[in-house]
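Visitor: Pasting a structure below so you can have a look.
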Amino acid sequence: MVKLNTPRLAIVPLSVEQLLLFIENKTEELGKQLDVTAKWQIQPELRQIFCRLYPEILKNPDNYLWYSHWQIILPTEKAMVGGFLFKGIPDSQGMVEIGYGIDEPYRNRGYMTETLKTMVSWALTQGNVRSVSAKTEMGNEASQKVLEKAGFAPVGREESLYCYAIAKKPR
């Protein structure tokens, strides 16, 4: 099982079975499996995303890391503090899009910047990834700052979204 660690966090992708528990809001059971306290309910928008990604995991079990939800865990509190996801396998250009969120009580502590740096670094070491992209709402200045602190650069706009990207450095 893949598990990424930062100085303060553990970032763990949910297994296929754990993702189903997440989608079904079986937080207590999921918390027991991850040895953390789980006090959340999945947001409807996030549930929709994972209901769309879940069949892809079943069709592509070898690529489940690109479809699963990665839990951000604060080991000192044994708490799930946020989540991260890749929105599918890298495209033909080697680009993969990400999404992320941090629970309100854990914002403004640098956890998401730490997570993004770790996840981008991991993704860019995968042979088929050349760049990582993210989109954020124009009014979400906190998310824009996190992306910039993590090394992303603005690359354009789509309707009410700013688009950011970070590419693998040439050797």
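Visitor: From the residues in region 57-72 that are assigned to a helix (DSSP H, G or I) and aliphatic (A, V, I, L, M), which one is most open to solvent (accessible area, probe 1.4 Å)?
Guide: Step one: of region 57-72, the residues assigned to a helix (DSSP H, G or I) are 57-59, 61-66.
From what's left, aliphatic (A, V, I, L, M): 57-58, 65.
On the way: 57: 2, 58: 102, 65: 28 Å².
Within region 57-72, the match that is most open to solvent (accessible area, probe 1.4 Å) is 58.
Visitor: Quick check on my filter: what residues within region 22-56 are in a helix (DSSP H, G or I), of a type in the set (A, V, I, L, M) and touching a strand residue (DSSP E or B) at 6+ places or on another chain (Cβ under 7 Å)?
Guide: Scanning region 22-56 gives a single hit, 34.
Visitor: Pairs needed: first member in region 158-171, without any contact (Cβ under 8 Å) to a residue 60 or more places away in the chain and aliphatic (A, V, I, L, M); second member anywhere, surrounded by 14 or more Cβ atoms within 10 Å (Cβ to Cβ) and not in a strand (DSSP E or B); C-beta distance under 6 Å; at least 6 residues apart or different chains.
Guide: Pairs that qualify, where the first residue is without any contact (Cβ under 8 Å) to a residue 60 or more places away in the chain and aliphatic (A, V, I, L, M) and the partner is surrounded by 14 or more Cβ atoms within 10 Å (Cβ to Cβ) and not in a strand (DSSP E or B), are 166/120; 166/151; 166/152.
Visitor: Residues 97, 77: which one is under 28 Å from residue 15 (Cβ atoms) and either within 12 Å of the chain's Cα centre (by Cα) or assigned to a strand (DSSP E or B) (or both)?
Guide: None of the other options fit; the residue is 97.
Visitor: Could you please find all residues in region 3-39 being under 23 Å from residue 110 (Cα atoms) and open to solvent by less than 40 Å² (accessible area, probe 1.4 Å)?
Guide: 4, 6, 9, 10, 11, 12, 13, 14, 34, 36, 38
Visitor: For the list (1) touching a residue at least 24 places away in the same chain (Cβ under 8 Å); (2) not in a helix (DSSP H, G or I), I need the number of the one condition that residue 146 fails.
Guide: Here residue 146 clears every test but (2).
Visitor: Inspect region 84-91 for any residue being assigned to a loop (DSSP other than H, G, I, E, B), touching a strand residue (DSSP E or B) at 6+ places or on another chain (Cβ under 8 Å), open to solvent by less than 40 Å² (accessible area, probe 1.4 Å) and on the phi < 0 side of the Ramachandran plot and give the result as yes or no.
Guide: For region 84-91, residues assigned to a loop (DSSP other than H, G, I, E, B), touching a strand residue (DSSP E or B) at 6+ places or on another chain (Cβ under 8 Å), open to solvent by less than 40 Å² (accessible area, probe 1.4 Å) and on the phi < 0 side of the Ramachandran plot: present.
Visitor: Say we look at region 149-171 and pick out the residues that are part of a loop (DSSP other than H, G, I, E, B) and open to solvent by 50 Å² or more (accessible area, probe 1.4 Å); which of these is modelled with the lowest pLDDT? Break it down into steps so the answer makes sense when it comes.
Guide: Here is the first cut: in region 149-171, the ones part of a loop (DSSP other than H, G, I, E, B) are 150-152, 159-160, 168-171.
Then drop every residue that is not open to solvent by 50 Å² or more (accessible area, probe 1.4 Å), which leaves 159-160, 168-171.
Values: 159: 92, 160: 93, 168: 90, 169: 82, 170: 76, 171: 68.
The extreme case among them is 171.
Visitor: Taking region 92-148 only, how many residues are open to solvent by less than 40 Å² (accessible area, probe 1.4 Å) and touching an Asp or Glu at 6+ places or on another chain (Cβ under 8 Å)?
Guide: Result for region 92-148: 4.
Visitor: Check residue 19 against each of (1) part of a helix (DSSP H, G or I); (2) under 25 Å from residue 120 (Cβ atoms); (3) modelled with pLDDT under 90 and name the one condition it does not meet.
Guide: (3)
Visitor: Please work out which one of (1) within 16 Å of residue 68 (Cα to Cα); (2) in a loop (DSSP other than H, G, I, E, B); (3) touching a residue at least 60 places away in the same chain (Cβ under 8 Å) is the condition residue 12 fails and give its number.
Guide: (2)
The values are calculated or read from the model by the stated rules, or taken from the named source; none is laboratory data. This one's a predicted model, so the numbers in the text were calculated from it and none came from an experiment. Cβ sites come from the backbone with ideal geometry, for glycine too, and all protein chains shown count toward neighbours. Calculation scope for accessible area: heavy atoms of the full protein, side chains included, ligands and nucleic acids excluded. Shrake-Rupley method; radii C 1.70, N 1.55, O 1.52, S 1.80 Å.
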